[in-house]
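Structure record follows, encoded as structure tokens.
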Amino acid sequence: MKKPIIYSFSIVLIIVVSFLFLSEIDRSEGLKKERSSEKKFGELYTDMFNNGGLIIYPTNTSAKIQKEYVDKIKNLRLFFRRFKMDVVADTSVSNTLLKNKVLLIVGTPKSNKLFGRIKNKLPISIDTNGFVYKGYSFNNKTDIAILSYKNPFNSKKISFFIIGNNDEYVLNNIQLRYLSGFQIKRNDENIVIGEFRIDENNKWYIDKNKYWDFGKTRKSVPFDFGKIIFHSDNINANSSKNINAILKKNIYNIKQFFGKGFLIAPFNYNVFTSFEQKGLIIQNTDLANYNLKNNSINVVKNDWIDGDDFSETAGFLIEKNYDKSKYKFLSDGLSTYFSQNWRGKGFEYWASKIYLSKYFPSLNELLNNKAYNYQSDLISEPLAATFIQFYINKYGKEKILGLYKRKKDFRKNEIRRLEKEWKKYLKAISKKYEQQLNNDRNNFPLPIPGFQKGLSYAHEGYRIHNGYLSKSSYESLKKAVELGTNSISIIPFTSIRDPKQPSPLRYWQSAFSENDESIIYLEHLSQELKLNLMLKPQIYLGGGWPGDIEMQNKKDWKIFFKDYTRWIMHYALLAEMYKIPLLSIGNELAKTTITHNDEWVNLIDEIRSVYSGKLTYGANWGEEFEKIKFWDKLDYIGISEYYPLSKKENPSDKELLDGANKIISKIATVQKIYGKPVIFTEVG
């Protein structure tokens, strides 16, 4: 009686193995097709580089609009800076040029006559009233399609198309973010996004794995102040009621504060289920933001994060009523003042932490708009809110609008007086939080114990759907865990053009880059996947490396360290806010570390005053690693481990092993001096 069971089991086993084998074949075939398509796109861009192209503007419109097109196109040429792109009118381009050049055609079906010639040769069909995609007509003023597709006059060349229904709207939306796909937008929101592939027969098709139709999941619900728009099929029946109740309460409070003349204009409240979705639809991945032009507030809400603390809604309403303040510090301060539980603990808590730290920007810097642009919002916003709070307590709320609307510059003695009074106020409120701050420092999460099997986890691409914030990023990390990874480093960048000259270091906050939200998201995934997380901010130098940074005089060195401190403190506070257990304070800045030990020691002290986790630094292998003196101030010795195993081209296994032992000996020498554990922050 056992044989049938054995036979059945064998059949099931054969089916499972066959399925896995065929699945592997499918994956292999899919990868092969993708690489073949990428190769074909590479060939198309090589042709574009060699032969150049044409940017064709419309003439069936006013002289003013034509001139604006030409001016806009000149800026667009910067996008094609590696390619020779000539600008021509639609009435002066020959059939020969249309066949032999890469094309960028811009305008509307009425203004650019070429759209009439290609109306049925694109994935969208074109008529005089607009364009149609999959049977749906896009004929609104704010509808626009942006495509990269084969040249309708010569399928062996690539071309680009920006087509809308209103020339002025097209002029405001001339951009090419998706070079291998298409976007259909309405009112600044992407309705459809897709990417193309090219098969072995040179047929173009839409990649089903990189296609999003957001119109299908868009659900609108009326509420007291306009519409709540859910970008999801799964809407909880109570979601709109809860959002309405919270907004109603907070809007009532802000209206009470400013009085009867404070108007509440109707607005759309967009709820996105993920940072990726928000980024793909509106090219913004902030926790929350507002758009004054289309009267919208946009937030991320899901089961693990609520991006709305009301500060953006307050900012929207205040700007609608009073415009922005001349001083960005005051604009941010007034909106953050109305926030609820800012960054999880409220602006008073974080302002107290900053006040008690060794890093506190002066009021003079905060009121200087140029300097303020380079200041961390994680530092400036809670400080600004407490400044508004201080001013209200000192002078009364009826005086706050006078301050907000102030046009004249602050006098130096006035700034000194206000700063002195404000700091006295901060000292008083920080006493309320001293115990909580100490408890939070003592209970801050530690890195995982034991051996860290790490992965330097880079931001793969700059199209949102292939970067840190994407679903594919989550799948990649799950695969890494399956392979035995228990630790990852994530790497937000800044850049510097001239390694010999100091310049302010910017925070990369574009939806397409390694922004703050990507760090917040990856911290969440690290919890879910039980991964140890290291935040590793780095400076990027095109055509160079951080080790090239070397100022030429004492004045410039002082400026460099002031700028670097301001920049890295943002990530120290971000790591504190979202409980990231390990922070690398720099990477391969070889000419700054060996010769400026005191500046690094001071920097470490400043970082520790706001960050409760463990610290390391990623030293370059060789001289920097072996000569740094501040290892005793850190928790881990960090090294970019690129010591060569051998100088030979074809070393034997024994020679490689001997080389490895020599490297271990070098690293052990440093480790024994300082008695700190070693982390390979990079290895290769």
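The values are calculated or read from the model by the stated rules, or taken from the named source; none is laboratory data. It should be emphasised that the depicted structure is a prediction, and the values quoted were computed from it without experimental measurement. Don't worry about glycine lacking a Cβ; one is built from the backbone with ideal geometry, like all the others, and counts go over all protein chains shown.
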Sort out which residues of the range 591-626 are part of a loop (DSSP other than H, G, I, E, B), crowded, with 16+ Cβ neighbours inside 10 Å and not β-branched (Val, Ile, Thr), and write them in order of number.
-> 596, 609, 611, 612, 613, 621
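Listed here are the residues, each with its yes/no results for (1) closer than 30 Å to residue 361 by Cα; (2) touching a residue at least 12 places away in the same chain (Cβ under 8 Å); (3) out of contact with any Phe, Trp or Tyr (no Cβ under 6 Å at 6 or more places or on another chain).
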residue	(1), (2), (3)
589	yes, yes, yes
603	yes, yes, yes
612	yes, yes, no
616	yes, yes, no
622	no, yes, yes
627	no, yes, yes
630	yes, yes, no
642	no, yes, no
Return yes when residue 616 is of a type in the set (Ser, Thr, Tyr) and under 22 Å from residue 503 (Cβ atoms) and no when it is not.
-> no
Going through the range 571-585 in order, the residues found to be surrounded by fewer than 21 Cβ atoms within 10 Å (Cβ to Cβ) and touching a residue at least 60 places away in the same chain (Cβ under 8 Å) are 577, 579, 581
With respect to residue 442, determine if the residue is of a type in the set (S, T, N, Q) and outside the structural domain of residue 367 (by TED's automatic domain parsing).
-> yes
Test for residue 78: is it assigned by TED's automatic domain parsing to the domain that holds residue 146, within 18 Å of residue 52 (Cβ to Cβ) and modelled with pLDDT under 95 = yes
Candidates 74, 33, 40, filtered to the one that is assigned to a helix (DSSP H, G or I) and exposed (fewer than 13 other Cβ atoms within 10 Å of the Cβ) | 74
Please go through the range 219-235 and pick out each residue that is at pLDDT below 80 and of a type outside the set (A, V, I, L, M).
-> 233, 234
Meets criteria (within 14 Å of residue 174 (Cα to Cα), in a strand (DSSP E or B) and either outside the structural domain of residue 172 (by TED's automatic domain parsing) or within 37 Å of the chain's Cα centre (by Cα) (or both)) for residue 65 | no
Among (1) within 30 Å of residue 317 (Cβ to Cβ); (2) in the same structural domain as residue 256 (by TED's automatic domain parsing); (3) surrounded by 12 or more Cβ atoms within 10 Å (Cβ to Cβ), residue 427 falls short only on (1)
Residues located in the range 393-428, provided they are without any contact (Cβ under 8 Å) to a residue 12 or more places away in the chain and under 35 Å from the mean Cα position of the chain (by Cα) | 409
How do the strands (runs of 3 or more DSSP E) wholly within the range 473-545 filter down when requiring 2 or more residues that are modelled with pLDDT of 95 or more and closer than 23 Å to residue 307 by Cα: which remain?
-> 532-535
Selection within the range 180-210 - of a type in the set (S, T, N, Q), in contact (Cβ under 8 Å) with a residue 24 or more places away in the chain and in a loop (DSSP other than H, G, I, E, B) = 180, 187, 202
Of all residues in the range 542-554, which are surrounded by 20 or more Cβ atoms within 10 Å (Cβ to Cβ) and either within 12 Å of the chain's Cα centre (by Cα) or among the aliphatic types (A, V, I, L, M) (or both)?
-> 549
For the range 77-111, what are the residues that are buried (at least 17 other Cβ atoms within 10 Å of the Cβ), assigned to a loop (DSSP other than H, G, I, E, B) and under 31 Å from the mean Cα position of the chain (by Cα)?
-> 80
Counting only residues that are at pLDDT 95 or above and among the basic types (Lys, Arg), which one in the range 236-284 is nearest to residue 322 (Cα to Cα)?
-> 255
Which of (1) of a type outside the set (D, E, K, R); (2) surrounded by 15 or more Cβ atoms within 10 Å (Cβ to Cβ); (3) touching a helix residue (DSSP H, G or I) at 6+ places or on another chain (Cβ under 9 Å) does residue 636 not meet, given it meets every other one?
-> (3)
Which one of 491, 520, 496, 539 is surrounded by 14 or more Cβ atoms within 10 Å (Cβ to Cβ) and in contact with a helix residue (DSSP H, G or I) (Cβ under 6 Å, 6 or more places away or on another chain)?
-> 539
When residues of the range 211-267 are limited to those that are of a type in the set (Phe, Trp, Tyr) and touching a residue at least 60 places away in the same chain (Cβ under 8 Å), the one surrounded by the most Cβ atoms within 10 Å (Cβ to Cβ) | 212
Search the range 358-391 for residues being of a type in the set (Phe, Trp, Tyr) and assigned to a helix (DSSP H, G or I), and hand back the single one that is surrounded by the fewest Cβ atoms within 10 Å (Cβ to Cβ).
-> 372
State whether one or more residues within the range 136-145 are closer than 20 Å to residue 38 by Cα, touching a strand residue (DSSP E or B) at 6+ places or on another chain (Cβ under 7 Å) and surrounded by 16 or more Cβ atoms within 10 Å (Cβ to Cβ).
-> no
Being surrounded by 15 or more Cβ atoms within 10 Å (Cβ to Cβ), among the charged types (D, E, K, R) and either at pLDDT 95 or above or in the same structural domain as residue 554 (by TED's automatic domain parsing) (or both) narrows 588, 649 down to just 588
